[in-house]
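First comes the structure, then the notes that go with it.
Derivation of every value follows stated rules applied to the coordinates shown; laboratory data play no part. These numbers were taken from a predicted model, which means no experiment stands behind them. Note: ideal-geometry Cβ built from the backbone for every residue, glycine included; neighbour counts use all protein chains shown.
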Amino acid sequence: MTATIIDGKLFAAGVRARVADHVARLKEESGITPGLACVLVGDNPASEIYVRNKGKQTVEAGMHSFQHKLPAETSQEQLLALIEQLNTDPSVNGILVQLPLPGHLDESLVINAIAPEKDVDGFHIQNVGRLATGQEAMVPCTPLGCLMMLRDLHGSLSGLNAVVVGRSNIVGKPMAQLLLRESCTVTIAHSRTKDLQAVCRQADILVAAVGRTKMITSDYVKEGATVIDVGINRIEKPDGKTGLVGDVDFESVSPRAGAITPVPGGVGPMTIACLLVNTLTAACRTHGLPEPK
Ligand code: NDP
């Protein structure tokens, strides 16, 4: 058996095209152009690339992109003042503060200063609580992207055994909440889990969000399972160049799995696509208009 390769790049292109269509209709029918503000503090090269890509794709979808680049020595008060200004700016529907922040800034204080309805990353404590209690929420982009691909593949996820390896606030926990909302039977595994292989082999859906290069081998995978690889690990290749690999050992797992996301080209492209979805959703909610599906 050879697994279906889930083409995240293609899937994300479809999501972006649907967002762009919806944005065009919104402009035409209501005169509204959604806007996303990205705030970057300091000069982390990876963060700069992420923020640039987010801005580019926002504009390509027909939305306004506002980029705020602040120096590394920006004080907490200065950052909070900018967030307050964006909170009250009606042209800004989504606010994203690129993480990690420099060490002298309190990430959770900063994230919780964002107006919850503009918190397109879904990290505000109110959105976390709303997701956990089944209320309308902004959902973190990476798990949302994973869920969209899973729904597309399976239709209903009800009753499936899902194992999420990783319990971070940005991936593992919200992923588990979303799968629970879909009526999966959910197990969250982490570094203290006993006999992780046996736990993972119970999974119809296995989500790896660990941050460990190729840790999930075929020994962790039930025959025919759907394997979602969230991991992005930078490695040096034999030719001295760097490359990206996932948390899943694609070569050993793909002959055993039913479906699998590759790295790169799987979950990664869906993250920014879902950021655009969330920005459009935020704009629609603000104006009481139908949300993107
Ligand atoms: P974190 O480092 O915050 O969390 C990693 C989790 O994996 C922790 O819960 C940790 O357990 C668990 N873990 C670590 N080692 C083991 C082990 N040996 N066995 C079982 N569990 C283990 O990472 P993130 O959640 O932020 O990210 C996970 C991966 O996803 C990373 O590779 C990251 O780059 C990638 N990522 C990709 C995104 C995308 O767009 N595709 C977006 C965000 C992240 P414990 O809690 O016990 O320490």
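Highest average first, the peptides 73-79, 175-181 ordered by how many other beta carbon atoms sit within 10 Å of their residues are 175-181, 73-79.
Can you pull the semi-axes for the range 132-196, root of five times each eigenvalue of the Cα gyration tensor, sorted largest first, whole Å?
Working: eigenvalues 70, 44, 24 Å².
Sorted largest first and rounded, they come to 19, 15, 11 Å.
What does the charge count around residue 83 come to, taking other residues whose C-beta lies under 12 Å from its C-beta (Lys +1, Arg +1, Asp -1, Glu -1)? Every neighbour counted, the sum reads -3.
Evaluating kT/(6 pi eta Rh) at 20 °C and 1.002 mPa s, with the Kirkwood radius of the range 30-116 over Cα pairs in the Stokes-Einstein relation, gives 161 µm² s⁻¹. In this structure, the residue pairs whose Cα-Cα separation is over 24 Å, taken from 69/241; 56/118; 118/214; 69/214; 9/54, are 69/241; 118/214; 69/214.
On alpha-carbon atoms, Rg over Rh for the chain using Kirkwood Rh? Working shown, then result.
Working: Rg = 19.2 Å, Rh = 19.8 Å.
A ratio of 0.97.
Among 30, 66, 109, pick out the residue whose Cα is farthest towards the positive end of the charge dipole of the range 30-116, where Lys and Arg carry +1 and Asp and Glu carry -1 on C-beta, about the Cα centre. The Cα lying farthest towards the positive end belongs to 30. As a rough guide to protection, the peptides 243-250, 190-197 ranked by mean Cβ packing within 10 Å, highest first, stand as 243-250, 190-197. Measuring nothing but how far apart in sequence close Cα pairs (under 8 Å, 6+ apart) lie, relative to its length, the range 141-269 scores a relative contact order of 22 percent.
Around the Cα centre of the chain, unit charges on the Cβ atoms of Lys, Arg, Asp and Glu (plus for the first two, minus for the last two) sum to a dipole of about 480 debye.
Would you mind calculating the relative contact order of the chain from Cα pairs under 8 angstrom and at least 6 residues apart, reporting the percent as a whole number?
Values: 587 pairs, mean separation 63.8, N = 293.
About 22 percent, as a whole number.
By the Cβ rule of 4.7 Å, the chain holds the following cysteines without a possible disulfide partner: 38, 146, 184, 200, 284.
Looking at the chain, what % of its DSSP beta bridges pair antiparallel, to the nearest 5? Working shown, then result.
Values: 4 of 34 bridges.
Here the share of antiparallel DSSP bridges comes out near 10 percent.
Computed over the chain with a Gaussian network model linking Cα atoms closer than 10 Å, the most mobile of 185, 142, 261 is 185.
Scaled to the compact-protein estimate 2.2 N^0.38 Å, what is the alpha-carbon radius of gyration of the range 36-170, rounded to two decimal places?
Cα Rg divided by the expected 2.2 N^0.38 Å: 1.15.
Of all the options 64, 104, 124, the one that moves most in a Gaussian network model of the chain with Cα springs shorter than 10 angstrom is 104.
Give me the mean projected area, in nm² to one decimal, of the convex hull enclosing the Cα positions of the range 203-293. The partial results should precede the final answer.
Values: hull surface 30.1 nm².
Convex hull of Cα atoms, orientation-averaged projection: 7.5 nm².
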